[in-house]
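Bear in mind these aren't lab numbers, they're just calculated from the coordinates by the rules spelled out. Only a predicted model underlies this, so the values are computations on that prediction, with no experimental measurement involved. We place every Cβ from the backbone using ideal geometry, glycine too, and count neighbours over all the protein chains shown.
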There are 2 protein chains.
Amino acid sequence: MDNKALYKLAYGVFLLGAKAGDKKNACITNTCIQVAGNPTRVAIAVINTNYTCDLIKEGGVFAVSILDKKVPFETLKHFGMQSGRDVDKLDGLPLPEDVNGVPYMNWNCCAVLSCKVVDSMDLGSHTLFIGEVVDAVKQSDEPMLTYDYYQSDIKPKPAPKPEEKKVVAWKCKICGYIYEGSELPADFICPICGHDASDFEPVYG
Amino acid sequence: MDNKALYKLAYGVFLLGAKAGDKKNACITNTCIQVAGNPTRVAIAVINTNYTCDLIKEGGVFAVSILDKKVPFETLKHFGMQSGRDVDKLDGLPLPEDVNGVPYMNWNCCAVLSCKVVDSMDLGSHTLFIGEVVDAVKQSDEPMLTYDYYQSDIKPKPAPKPEEKKVVAWKCKICGYIYEGSELPADFICPICGHDASDFEPVYG
């Protein structure tokens, strides 16, 4: 079995907001599909150890903000790479609230789906929630962000290794004469101005 | 509530194969997401009136062939726009079978996920099946087909309305003289060669 085969599934990227009493949080997720119509229902899979998962179980509501392609990495990092258990993400970056009082995103967001949990299923690593969509608001005509596009165009690339600089020549600081070669002989004298090796600087290739 | 907001969700496009005893079928679907790891599980939503849905309920196995961007519309039409109740799609277009004996696609396919149903949920219009992935085989490095790309680049555009041709002039078939105007007087005589209106043909704008 080749687990990489599963990478070929297509996903969007979403801000998933939740609320239970006074507790509110939002995280980044990539699994949300419509699973039924009339009434309209969506399914989301949320990691069980995730604070947002706890809040959805407790509060029974969630909001899916469908992010667009222009969303900055910093926004994804803020909501996706720290836990609501450690940091109040909404204090750091306040968000408006939907009909259920759940935080949603009002920038770089194509649409917001406000949902009430009607069923759920514990699948081991994740809980699958079925939400009835009680409100759906389109916010922009920007193309939606796909997980593929996030990987190729938004996620920062690892910094390139500092290039190994190679000395390819030496230049006389006095007259500009170039000595071709990686090593300047210690007793070299500039044939133009007569200065010695201490007045030469390396030229990198 | 704006139902079009839900169009902003991202999907792939899949051939969904099923088998129950000797009965086999395959249809086109766009909902498949990984919903858990270790064991790896996927969720698919299938319309209840769909023959493939019956076979999955009965046989407890399915195969998701993740289609690539080069899949021809004809393939999608063959599997997606007729019912296995009316036509033996696999007789018309034979497919190989996976570890569960379920048909999958071996062209224009990025990967195949072979699944056994471990849970299901009737959601009214659709049934949501949770499948444990018992085998996953990558087939190619082609980019996966998204539903968005299907809509924009694969689905044939409605034929443009035949342009209303307007007669803007009349041309003498004998000498080429052009009479400017949409209607040629019945008693018109060509001022160049002297032929009458019956020797003129319309010129369209």
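Points to keep in mind about this one:
- Distance (nanometres) between label positions extended 7 Å along Cα→Cβ at A:Asn3 and A:Lys166: 4.0 nm
- Reachable aspartates and glutamates from B:Lys166, criterion Cα separation under 18 angstrom, eight or more residues apart if same chain: B:Glu180, B:Glu183, B:Glu201
- Given R0 = 60 Å, the distance between the Cβ atoms of B:Val203 and A:Asn48 translates into a calculated FRET efficiency of 0.20.
- Listing B:Ser120, B:Ser182 from fewest to most neighbouring C-beta atoms within 10 Å gives B:Ser182, B:Ser120.
- By the rule of a C-alpha distance below 16 Å, with chain neighbours fewer than 8 residues away ignored, the lysines paired with A:Lys69 are A:Lys77, A:Lys138, A:Lys155, B:Lys8.
- The relative contact order of chain B comes to 20 percent, based on Cα pairs under 8 Å that sit 6 or more residues apart.
- Cβ-derived FRET efficiency at R0 22 Å, A:Val99 paired with A:Lys155, nearest 0.05: 0.10
- Unsatisfied cross-links (Cα-Cα over 19 Å) in the set A:Lys70/B:Lys4; A:Lys4/A:Lys57; B:Lys23/B:Lys89: A:Lys70/B:Lys4; A:Lys4/A:Lys57
- Other copies of A:Asp153: label-to-label distances in nm, shortest first, labels 7 Å along the beta-carbon direction: 1.3
- Helix-only arithmetic for chain A: the sum of -39500 (n - 2.57) across DSSP H runs with n ≥ 4, divided by the residue total, places the mean residue ellipticity at 222 nm at -2500 deg cm²/dmol.
- Likely footprinting exposure, B:Tyr177, B:Tyr104, B:Tyr150, fewest C-beta neighbours within 10 Å first: B:Tyr177, B:Tyr150, B:Tyr104
- You can think of it this way: the chain between A:Lys116 and A:Asn38 has 26.6 nm of extra reach, that is 0.36 nm per residue less the Cα-Cα gap.
- Integer Hz, Karplus 6.51/-1.76/1.60 couplings in order for segment B:54-66, x for Gly and Pro: 4, 5, 5, 4, 6, x, x, 9, 7, 10, 9, 9, 7
- Relative packing of peptides A:74-81, A:32-39 - highest average C-beta neighbours within 10 Å first: A:32-39, A:74-81
- Rg over Rh [alpha-carbon atoms, Kirkwood Rh] for segment B:149-205: 1.39
- Point-charge dipole on Cβ atoms (K/R +1, D/E -1) for chain B, about Cα centre, debye to 20: 460 debye
- Residue order, fewest to most beta carbons within 10 Å, for A:Lys157, B:Lys165, B:Lys57, B:Lys23: A:Lys157, B:Lys165, B:Lys23, B:Lys57
- Across all directions, the average flat footprint of the convex hull enclosing the Cα atoms of chain B is 19.4 nm².
- Per-selection Kirkwood Rh - the protein assembly as shown (Cα, Å, 1 d.p.): 26.0 Å
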